[in-house]
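For reference, the structure is listed below as structure tokens.
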Amino acid sequence: MDDLKCKQMLDRFLTFYDNASLENASPERRFELWKHYYGFTFVPPGYKKDQLAREMLDYAWDKYSLVYEKIKYFEPDPINLSELLTKVKQMLHVTKPIDLTVLYFVGTFETEPFIQQENERYTLCFPVEVDWSDYKIVQELTRVVHCVKSGLAPSHTRTLAQLIFQEGLALHTTQQLKASEENAEIELLWKHEKCSKEPNRIMMNLIPHLKRTDYEALYSFTKGTGASGYEKEANYAGWILMQHLLDQGNSLNDLAAIPKENVDKFVEKSLYLLLNRAYLTQPQD
């Protein structure tokens, strides 16, 4: 049986926010209070703890008042989480019990969920200041289950190839699970993303970077602008690559079982095959 726990750091954040608001604190004092009462943030590899936190706090501060009530009255739903985790495990044929803590925190409106691991226990850190649907929750649970199945580390020290592979797996697992639940095909609207205009160029420009592990590269190919100048290039590449692999007769279960040490070469080889077969056609304006 899975050991699923829900924890939250919302009370600590509200204590910080209330004190800073009451004092009408300056940015310097505000950051002091943030570190004293809260101090929780994702620290990318290669960055000092306070290097980004101050800048991001200044960016987010004026927005917190708009979501104060949402944070104050947020209630976790462990039953829904448990049901979704079970469904993801069933789709990927994972029977091993998973020890998982879902930790709810307040980010900076730009903060993505992230996963940590200590021994055999995983912690999914999930920000609550923005609205997330079950789609996002399923994607993050898929990442956890995939790490358990493949041995892939749930950290930002992974290669870009591993990020692309897991992103594609998470997106397609979410699509299949939600489509079966709602008895309808779910389309992730890539046609609204600029990166979908030049798929061949994006694939070719990604290949030289597949072995990179630095945070700058992982960020630029997801939230920033990648080698082709678009946002979400790695996400889109993962979606396209995984669709190609599924069309070739692979199952999500089989793909999720590829050992971590084989993912890099598998992704590189698959991207070359995809391009060599002229699988991608350029959209016409």
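The values are calculated or read from the model by the stated rules, or taken from the named source; none is laboratory data. Owing to the predicted nature of the structure, the values given are computational and were not obtained by experimental measurement. Don't worry about glycine lacking a Cβ; one is built from the backbone with ideal geometry, like all the others, and counts go over all protein chains shown. Protein only, heavy atoms only, side chains kept; ligands, DNA and RNA dropped before computing areas. Shrake-Rupley method; radii C 1.70, N 1.55, O 1.52, S 1.80 Å.
At-a-glance table
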quantity: Listed residues 268, 193, 69, most fluctuating in the chain (Gaussian network, C-alpha, under 10 Å); calculated: 69
quantity: Average projected area [Cα convex hull, the chain], square nanometres; calculated: 16.1 nm²
quantity: Rounded accessible area per residue of the stretch 1-111, 1.4 Å, Å²; calculated: 58 Å²
quantity: Mean Cα-pair separation over length for the stretch 160-281, i.e. relative contact order, pairs under 8 Å, 6 or more apart, %; calculated: 38 percent
quantity: Taking the chain and dividing mean pair separation by its residue count, relative contact order in percent (alpha carbons under 8 Å, at least six apart); calculated: 18 percent
quantity: FRET E, pair residue 79, residue 251, Förster distance 45 Å, beta-carbon r, rounded to 0.05; calculated: 0.95
quantity: Geometric extent, Cα atoms of the stretch 3-88 - Rg, Dmax (angstrom); calculated: 15.7, 48
quantity: Gyration tensor (Cα) of the stretch 3-150, equivalent ellipsoid semi-axes in angstrom; calculated: 31, 16, 12
quantity: Distance violations [Cα-Cα > 24 Å] among 87/232; 7/89; 7/232; 63/178; 70/149; calculated: 87/232; 7/232; 63/178; 70/149
quantity: Residue among 25, 153, 217 with the largest mean-square fluctuation in a Gaussian network model of the chain, springs linking Cα atoms under 10 Å; calculated: 25
quantity: Measure of compaction for the stretch 160-281 (Cα Rg per 2.2 N^0.38 Å); calculated: 1.02
quantity: Alpha-carbon centroid distance for the pair the stretch 144-164 / the stretch 222-244, whole angstrom; calculated: 17 Å
quantity: Within the stretch 130-165, backbone nitrogen closer than 15 Å to the virtual label 7 Å beyond the Cα of residue 215 toward Cβ; calculated: 155-158
quantity: Per residue solvent-accessible surface (Å²) - the stretch 112-257, probe of 1.4 Å; calculated: 41 Å²
quantity: Beta bridges per DSSP with both ends in the stretch 3-150, % antiparallel, nearest 5; calculated: 30 percent
quantity: Surface share of carbon and sulfur [accessible, 1.4 angstrom probe, percent] for the chain; calculated: 48 percent
